[in-house]
Amino acid sequence: MHTMQQRRYFFVIAAMAVVLIITGIIVLRVPALAQTAVTAIESTAQKQQDLENQLAQLQTQIDQYQTQIAADQKQGTTLTGQINTLNAQITKLNLQIQAINLTLQQINGQITQTNSEIGVTQNEITSEKVAVGALLRALYKNDQTGFLESFLANPDISTIWEDSESISLFESTLNVDVTQLHNLTGQLQDQSQQLAQSQSAESTAAAYAAAQAAQVAANKTQVNQLLTATKSDAAAKAALAAQAKQTAAQIRNQIFQLLGGGSLTFEQAYQYAQVASQATGVNAALVLAILNRESALGANVGQCSYQTAMSPSNIPIFLQIVQQLGLNPSSMLVSCPNADGVYGGAMGPAQFEPSTWELYVSSITSITGDNPPSPWSNADAFVATALYLKGAMQGCQAIYSAQLDVDRCTAAKYYAGGGWKNYLWTYGQATVEQEQTFAQDIATITSS
């Protein structure tokens, strides 16, 4: 019996030694990896701050040129005025390309940092798996000895109780390790999704930079044509100087494309935007710009099934929404995932994810009277967009003072949420420019 008791104590001591050794490996290994990650993060943070400062300077210059362009456009359509406006636009576009390139550097820094964090997390997961495996093996060996065998080997109840407490300690340690492993796995999934979002932002920024460069080339060609025209006769000058100004009727009947598919006349879209604006205080032109398909540059909008496009956490909410509306979930198409693996699943003209839409249901109902409101209803979608913009704008007003900057920031937040800084000079800038165009159109139809 004494020998059996010694064997049991030996087992307990050996198992604890295994755990301590594994824990020691984790303690020694993970801090070294963590320190490397911290050093990399600190270096990246300094670089990011430098880029932020450069972007702030460019932002001031771009807004100055934007103001100048708007002023020139109001002064008339003489050849000289057109040339000055085009040259200012060229300069502004080149500054925007610089801003996009700086943003790309920021995104690349984020990708590097996230990859580093993923590496640390993967190593921590490996270490936890080793620890869990050792504990499971130790507990399995102990389970092979039944209570009766333990009692016959050592009838001292107190000794058996002490052994039982030791095993309970191992089981508690195992539970902690399993929980930690689960948390680390979730953390890895979050980091992988963050990486995919950064890669998506990178490709979007590159596409915008290419588009801006093409616009610069087109503007330069137009400037050269106008310069040539200044040497031509008066009739040629007059023909080139005359810009085809759209009438109010033409603007009203323009087709306004919605993000979530479908279309309205511009006048119908403006009426919806005006209702949303009056309820929230958000500029109707900004609401229209956000909802306009062209400002998003999205290729996969409203073309996928929720089953293949939506994140698992959003599916139950989506099913609840369509059930309340009496709709068939299989026939309600949502946005597709992008090439970098970021989930789709956004619904209707406002392109809200189900979990986001759920937050605004009561506010939408209080304005439109629809209960429940529908993500696929134009009236509800326009109001939802304005409500979201109102909240985002309040955060942007705490950062910026100039309205251009606030609107650019607000649009970027609408598109990318917490990753909005990556989209200031892509989605944000494109939306601001579209907003200004719509503001001119609204002025035309309301003054006629």
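The values are calculated or read from the model by the stated rules, or taken from the named source; none is laboratory data. Because the structure is predicted, anything quoted here is derived from the model rather than measured. Using ideal geometry, Cβ is built from the backbone for each residue, glycine included, and neighbour counts are taken over all protein chains shown.
Take residue 53 and tell me if it is farther than 26 Å from residue 435 by Cα, of a type in the set (S, T, N, Q) and modelled with pLDDT of 75 or more.
The answer is yes for residue 53.
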Conditions (1) modelled with pLDDT of 95 or more; (2) on the phi > 0 side of the Ramachandran plot; (3) crowded, with 17+ Cβ neighbours inside 10 Å -> residue 351 fails only (1)
Restricting region 70-110 to residues that are more than 25 Å from the chain's Cα centre (by Cα) and within 20 Å of residue 427 (Cβ to Cβ), the one modelled with the lowest pLDDT turns out to be 89
Going residue by residue through region 355-373, is there one that turns out to be free of Cβ contacts under 8 Å to residues at least 40 places away in the same chain, over 22 Å from residue 315 (Cβ atoms), of a type in the set (Gly, Ala, Ser) and surrounded by 24 or more Cβ atoms within 10 Å (Cβ to Cβ)? no
Which condition from (1) in contact with a strand residue (DSSP E or B) (Cβ under 8 Å, 6 or more places away or on another chain); (2) surrounded by fewer than 18 Cβ atoms within 10 Å (Cβ to Cβ) is the one that residue 399 breaks? (1)
Being farther than 15 Å from residue 400 by Cα and touching a helix residue (DSSP H, G or I) at 6+ places or on another chain (Cβ under 8 Å) is the filter here, so list the residues in region 48-60 that pass it. 48, 51, 54
